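This report refers to the structure that appears directly beneath it.
Derivation of every value follows stated rules applied to the coordinates shown; laboratory data play no part. On a predicted model such as this, the values are computed, not experimentally measured, just so you know. With ideal geometry, Cβ positions are generated from the backbone for all residues, glycine too; neighbour counts draw on all protein chains shown.
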Amino acid sequence: MPITSITKHEIISCERCRTAVECKANAYTKCQCSTVQLTINEMQYISETFDGCLCANCLRELKTEYQEQLS
């Protein structure tokens with residue numbers, strides 16, 4: 001019998017890299033995206049390009065991209 005994974009949350013694609021991500025919007029503090037701390041300016045920078053959810057890796061990359069533009 002095959003083993004299947006049961007998830008409580010919706011599986012979505014990261015809008016930027018298309019990686020499958022388990023979205024925990026109803027349990028935000030447990031969502032992988034909440035591990036990336038963003039300033040208001042970084043959030044605004046990201047939201048100017050993306051409307052949907054992003055994976056933590058993409059959020060970190062975009063945070064770094066924003067910081068490099070300030071340099």
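Taking segment 17-71 on its own, how many of its residues are of a type in the set (A, V, I, L, M) and assigned to a loop (DSSP other than H, G, I, E, B)?
Of the residues in segment 17-71, the ones of a type in the set (A, V, I, L, M) are 20-21, 25, 27, 36, 38, 40, 43, 46, 54, 56, 59, 62, 70.
Still in the running and assigned to a loop (DSSP other than H, G, I, E, B): 36, 38, 54.
Residues in segment 17-71 being of a type in the set (A, V, I, L, M) and assigned to a loop (DSSP other than H, G, I, E, B): 3 in total.
List, please: which pairs have Cβ atoms under 7 Å, are six or more places apart or on different chains, and start with a residue in segment 13-26 that is over 18 Å from Lys63 (Cα atoms) and end with one that is of a type in the set (Asp, Glu)?
Cys23/Glu10
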